[in-house]
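Have a look at the structure below, then the notes.
The values are calculated or read from the model by the stated rules, or taken from the named source; none is laboratory data. This one's a predicted model, so the numbers in the text were calculated from it and none came from an experiment. For neighbour counting, all protein chains shown are included, and Cβ atoms are generated from backbone atoms with ideal geometry for every residue, glycine included.
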Amino acid sequence: MQTSFSLAQLADPDIAEADKILRACVHCGFCTATCPTYVLLGDELDSPRGRIYLIKDMLEQGRAAGEVEVKHIDRCLSCLSCMTTCPSGVHYMHLVDQARAHIEETYARPTADYWLRRLLATILPRPHLFRLALIGAALARSLGAHWWLPRRLRAMVGLAKAWPAMPRATDRPGVFPAQGARRGRVAILAGCAQPVLRPEINEAAIRLLARLGVEVVVAEGAGCCGALTHHMGFEEAAHDSAKTAIAAWHREIAGEGLDAIVITTSGCGTVIKDYGYIFRNDPEWKDRAQAVSARALDISEYLAQLGPLPVSEGARPRLAYHSACSLQHGQAVTGTPKELLRQAGFEVVDVAEGHLCCGSAGTYNMLQPDLSAALRDRKAANINGLAPQAIATGNIGCMQQLEGAVNAPILHTVELLDWATGGPRPRGVQS
């Protein structure tokens, strides 16, 4: 793609990076076939190629974002399926992230949209506020009061399917020792939303790692990674969260050392692995950010490095594997989780249209409820058609999105692997 940025514009490292990404695009359109919003809507501006043209024009002209750019960029899920498909290696993720930050800097959103986005950016990264919000939502649902709310607030309340979990030991800073001879030492991301929704995921990961001889650290200060606010374009808030996490993990690296930083929420993992890029122009933080990114691994990647799992005897349910977009497209981790499950004795079947997003995408299911629901129903139909006994995935957002729409319990991969190696049976799984 030909660009026409001025020399003055190219002096800005972010614009220079955008220029590099734009020039890699050859207009082939392969991305349109795998873009969920284009598949649903058939609008070129709701495809990666269309959005790239909008972003190019906006940045080249150096102008504020307008309604057209905001409408179509807001509709992007950041599922990154286009990056898997692209034959030219266009790094769409970095381009759309820059566009979102530009929108938040230059566009005056309607009042309701402005405050809804800030409400989400305030509540979701803070577990204590998130718990209170879920309690309020559950009460509203039980009283039927949520039907009187505006469409997007009603969708938010509808996602609150159960009471929040109370704080557990795995949420708090501490060290969980290895069983037997120590084979490794890792930090685990405690996270922000996941401990409130499904704390048993990290509990399963810590049990399994300890059983395999790995010491696990929940580092002081490593809470929210910044992914949620990052994808909403709130750059300052995202960077503040990221810096806090980087500092916490770097203290552990400089102290007793870390073999890896394991992540059980793939949406977070994609951003943490990108810290080195995000802080590339920050002399104070870039080295520490790169050190963290270099050690960041999805839990399935780290387990695969440890070798064969000590699998216990017993029958296993037939699984449909839902590949979270942030794992398959954002991190290019595709076969590893399925191979681990098969080694553990599970029959694993792939889901049709597995490259398409389920519609969760961080806050997308609250900000774009209609498109999100259409994608959820499409994904659920493909899963239910397989009649699995359980569903495995690697991301809490997908689990929340699909729960209730699928006809089998949906579980994190690590919960199933923990069970197969001597841990407790995950909730919802029949004996």
Report task. Looking only at the stretch 330-352, decide whether some residue is touching a residue at least 60 places away in the same chain (Cβ under 8 Å), closer than 30 Å to Trp115 by Cα and either within 20 Å of the chain's Cα centre (by Cα) or part of a strand (DSSP E or B) (or both). Result -> yes
Report task. Report the residue count in the stretch 19-28 for those that are farther than 19 Å from Asp97 by Cα and surrounded by 14 or more Cβ atoms within 10 Å (Cβ to Cβ). Result -> 0
**Report entry** In the stretch 219-257, the residues that are without any contact (Cβ under 8 Å) to a residue 12 or more places away in the chain and among the charged types (D, E, K, R)
**Finding:** Glu236
Report task. Starting from the stretch 65-88, keep only residues that are farther than 20 Å from Tyr114 by Cβ, then list their pairs with residues that are among the small types (Gly, Ala, Ser) whose Cβ atoms are within a distance under 6 Å, requiring at least 6 positions of separation or different chains. Result -> Leu77/Ala361; Leu80/Gly330; Ser88/Ala24
Query raised in the report: Which one of these is at pLDDT below 95, out of contact with any Asp or Glu (no Cβ under 6 Å at 6 or more places or on another chain), more than 27 Å from Thr363 (Cα to Cα) and surrounded by fewer than 17 Cβ atoms within 10 Å (Cβ to Cβ): Ala162, Ala181?
Result: Ala181
Query raised in the report: All but one of (1) in contact with a helix residue (DSSP H, G or I) (Cβ under 8 Å, 6 or more places away or on another chain); (2) small (Gly, Ala, Ser); (3) over 23 Å from Cys357 (Cα atoms) hold for Ser6; which doesn't?
Result: (1)
Query raised in the report: Pick from Val333, Val348: which is at pLDDT 95 or above and in contact with a Phe, Trp or Tyr (Cβ under 6 Å, 6 or more places away or on another chain)?
Result: Val348
Query - Residues satisfying the stated conditions in the stretch 291-329, i.e. more than 23 Å from Lys379 (Cβ to Cβ), of a type outside the set (A, V, I, L, M, F, W, C) and in a loop (DSSP other than H, G, I, E, B) - result: Gly307, Pro308, Pro310, Ser312, Glu313, Gly314, Arg316
Query - Qualifying position, being outside the structural domain of Tyr364 (by TED's automatic domain parsing), crowded, with 17+ Cβ neighbours inside 10 Å and either farther than 25 Å from Thr363 by Cβ or touching a strand residue (DSSP E or B) at 6+ places or on another chain (Cβ under 8 Å) (or both), among Glu60, Glu69 - result: Glu60
Query - Criterion violated by Asp370 - all others in (1) crowded, with 17+ Cβ neighbours inside 10 Å; (2) modelled with pLDDT under 95 satisfied - result: (1)
Query raised in the report: Looking only at the stretch 17-43, which residues are part of a helix (DSSP H, G or I) and over 21 Å from Cys358 (Cα atoms)?
Result: Glu17, Ala18, Asp19, Lys20, Ile21, Leu22, Arg23, Ala24
Requested in this report: Look at Ala320 and say whether it is within 24 Å of the chain's Cα centre (by Cα) and buried (at least 21 other Cβ atoms within 10 Å of the Cβ).
Outcome: yes
**Report entry** Extreme residue, nearest to Ala315 (Cα to Cα), among residues of the stretch 374-390 that are touching a residue at least 40 places away in the same chain (Cβ under 8 Å) and within 18 Å of the chain's Cα centre (by Cα)
**Finding:** Lys379
**Report entry** Any helices (runs of 4 or more DSSP H) falling wholly within the stretch 208-290 and containing at least 3 residues that are within 18 Å of the chain's Cα centre (by Cα) and of a type outside the set (Ser, Thr, Tyr)
**Finding:** 227-231, 235-254, 266-272
Report summary line: Over the stretch 163-195, the set of residues in a loop (DSSP other than H, G, I, E, B), out of contact with any Cys (no Cβ under 7 Å at 6 or more places or on another chain) and not hydrophobic (A, V, I, L, M, F, W, C) is Pro164, Pro167, Arg168, Arg172, Pro173, Pro177, Gln179, Gly180, Arg182, Arg183
